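Okay, so here's the structure we're looking at.
The values are calculated or read from the model by the stated rules, or taken from the named source; none is laboratory data. Worth saying up front: this structure is predicted, and the values here are computed from it rather than measured. No Cβ is skipped: glycine too gets one built from the backbone with ideal geometry, and neighbour counts run over all protein chains shown. Heads up: the accessible areas ignore ligands, DNA and RNA and are worked out on the full protein's heavy atoms, side chains in. Shrake-Rupley method; radii C 1.70, N 1.55, O 1.52, S 1.80 Å.
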Amino acid sequence: MKKNPKTPAPAPAPIRVGMISLGCAKNLVDAEVMLGTLIKDGVEITNDAEAADVLVVNTCSFIDSAQEESVDTILESSALREQVNPGQALVVSGCLPQRFKDELPKLLPEVDVIMGIDQVANVTDLIKQAVEHRRAKLASPERRPPARRGQKVKSKLAELDQKKGSHTHDDEQTLRGTDQFGQTRQLIATPHPPPHTPHSDAPIVDVASRPNYIPDYATPRFRLTPRHFAYVKIAEGCNHPCSFCIIPRMRGSHRSRTQADIVAEAKALIKDGVKELNLISQDSTYYGLDLQPDHRRSISSPEKFNARAKALPADATTLCTLIRELNALKGDFWIRLLYTHPAHWTDELIQTIAESKKVARYVDMPLQHIHEVMLERMRRETGRQYIEDLIARIRAGVPAIALRTTFIVGFPGETEEDFQATLRIVEATRYSHAFSFKYSPRPGTPAASMADQVAPELADERLQRLQALITKCQHAFNEATVGRNTDVLLERAGKKPGQKIGKSPWLQSVHLLTDAPIGAIVPVEIVSAGPNSVAGEETVAQAA
């Protein structure tokens with residue numbers, strides 16, 4: 001008798017992964033790379049965090065509030081897992097592991113995998129390890145659900161921050177960058193994590209001590225932004241010695257992508273319907289300098305940077321060459337330049353923006369402070385007169401340009417006179433967009449150990465005064481736009497029937513009534529203004 005062939009076993013269901021991404025746009029791109037890699041490898045992505053087989057929390061650790069939000073999100077996700085999906089594996093990625101790779105396994109034993117920035121392209125393998133780790137942990141007879149201890153973990157991280165030693169360059173009191181900056185530690189990460197005991201409760205840890213990864217055009221990516229705009233990461237890391245910042249330690253030294261690679265990505269995004277390309281990095285104006293064969297990291301000051309830029313060969317890659325090539329691409333889109341450092345602006349960059357019609361008349365240039373003493377203590381590598389002259393040069397070279405900046409109040413040693421200097425530049429410059437923050441001590445940075453720490457209540461009071469002035473000045477800027485015409489990229493529906501809300505190259509919130517769909521660019525005349533937005537009316541596009 002003939003035997004019937006065996007029915008093949010059904011293929012195993014794909015792993016379902018959910019993700020929560022915290023922090024800045026640069027972190028969001030890392031999340032997009034992870035999701036793109038997972039999809040390429042056959043993993044299913046779900047926006048239902050409770051139903052996911054694996055939940056990834058992509059963390060931020062830039063300031064205290066961001067670090068606390070990351071810890072809260074991890075512990076809340078763990079608690080929800082215990083209630084509705086005990087088999088779910090939990091992965092923590094991003095800046096928090098880069099900052100605390102040695103301490104997190106003890107503080108967060110409920111996590112299955114802790115991964116660093118350099119590991120985003122290896123996320124699929126780590127996801128699979130997380131699933132096996134969770135299965136082994138559930139099978140352990142000694143497993144106990146974790147206790148609620150959010151404040152305890154956050155306090156311990158703050159305490160650990162205090163104990164982390166400073167780098168050699170932190171003790172260098174010069175205002176200018178040094179050759180040693182970014183080179184004080186040359187740590188070589190092992191290519192593979194050490195063998196993991198299957199039944200160990202300790203999380204699997206895969207974190208490179210000194211990140212050097214940066215995605216390229218061939219890197220899979222699943223965009224989380226709406227179809228009409230995208231972030232393009234042109235570089236990663238930072239070479240600046242700012243006394244309040246730990247980004248160079250978490251993200252590594254500045255490293256640029258090649259211009260051809262960025263242009264290839266831009267072409268694909270434009271073909272996919274993107275109307276706004278947001279160029280991002282930790283320091284976009286430094287782009288390309290590190291691609292030179294004789295590059296040295298000690299060129300961060302305006303004098304050294306400008307001298308180096310002028311000495312570059314004619315075919316050297318710079319932000320100017322990148323902007324010009326992107327501007328020449330065909331399509332109906334514009335380019336927005338984000339995260340520029342005041343120390344790295346050149347006359348050539350101002351001229352390039354003025355001559356590039358597709359570049360938004362919008363400058364994002366964080367200043368942090370304006371008083372000479374505060375700039376020195378912050379190690380910002382610029383002075384008050386330099387900044388004021390630069391703003392004047394930008395406005396002369398690109399008329400009617402919108403300026404966006406950020407300020408820190410309550411930095412150690414800030415006096416009322418120092419703070420008044422910030423108020424004066426806000427009043428005089430009339431920024432279109434300005435954001436202000438109370439100084440957040442990052443233990444382990446030089447600023448955290450400085451004398452004359454400002455009392456929190458005084459910093460709060462100064463922050464309120466600054467924000468009130470910023471609102472007044474933004475209102476004045478918006479009122480000055482009434483009667484002007486601009487293109488508006490429609491981004492979302494408003495509260496009123498038929499209302500849409502969008503942004504122009506130099507206005508961030510424009511309200512209007514229109515039948516045009518989300519993602520369309522429509523011509524608009526500004527008819528009224530408020531402190532945070534303007535209202536416009538759609539006009540008939542003028543023939544070319």
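Matching residues to (1) under 20 Å from residue 433 (Cβ atoms); (2) part of a helix (DSSP H, G or I); (3) within 20 Å of the chain's Cα centre (by Cα):
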site	(1), (2), (3)
366	yes, no, yes
375	no, yes, no
385	no, yes, no
389	no, yes, no
392	yes, yes, no
395	yes, yes, no
400	yes, no, no
404	yes, no, yes
408	yes, no, yes
Only residues that are among the hydrophobic types (A, V, I, L, M, F, W, C) and in contact with a Ser or Thr (Cβ under 9 Å, 6 or more places away or on another chain): list them for segment 470-497, please. 470, 473, 477, 482, 488, 489, 490
Subset of segment 343-379 (residues that are β-branched (Val, Ile, Thr), closer than 17 Å to residue 262 by Cβ and open to solvent by 20 Å² or more (accessible area, probe 1.4 Å)): none
Whether any residue in segment 232-240 is surrounded by fewer than 21 Cβ atoms within 10 Å (Cβ to Cβ) and either over 30 Å from residue 407 (Cβ atoms) or modelled with pLDDT under 95 (or both) is what I want to check. no
Top-ranked residue in segment 266-289 [being in a helix (DSSP H, G or I) and open to solvent by 20 Å² or more (accessible area, probe 1.4 Å); ranked as farthest from residue 330 (Cα to Cα)]: 268
Among the residues of segment 343-364, what is the count of those that are in contact with a Cys (Cβ under 9 Å, 6 or more places away or on another chain) and part of a loop (DSSP other than H, G, I, E, B)? 1
Considering segment 290-342 alone, what residues qualify as being buried (at least 20 other Cβ atoms within 10 Å of the Cβ), assigned to a loop (DSSP other than H, G, I, E, B), at pLDDT 90 or above and in contact with a helix residue (DSSP H, G or I) (Cβ under 6 Å, 6 or more places away or on another chain)? 317, 333, 339, 340, 341
Entirely in segment 46-123, the helices (runs of 4 or more DSSP H) that have 1 or more residues that are open to solvent by 10 Å² or more (accessible area, probe 1.4 Å) and without any contact (Cβ under 8 Å) to a residue 60 or more places away in the chain: 64-84, 104-107
Would you say residue 19 is in contact (Cβ under 8 Å) with a residue 12 or more places away in the chain and open to solvent by 10 Å² or more (accessible area, probe 1.4 Å)? yes
Restricting attention to strands (runs of 3 or more DSSP E) lying wholly within segment 450-544, give those where 2 or more residues are open to solvent by 50 Å² or more (accessible area, probe 1.4 Å) and closer than 26 Å to residue 269 by Cα. 485-493
Going by what's in this entry, would residue 414 be described as charged (D, E, K, R) and closer than 28 Å to residue 346 by Cβ? no
Whichever residue in segment 421-444 is polar (S, T, N, Q) and assigned to a loop (DSSP other than H, G, I, E, B) and, among such residues, is least open to solvent (accessible area, probe 1.4 Å): 432
Scan segment 128-136 and tell me whether some residue there is within 24 Å of the chain's Cα centre (by Cα) and either in contact (Cβ under 8 Å) with a residue 12 or more places away in the chain or open to solvent by 30 Å² or more (accessible area, probe 1.4 Å) (or both). no
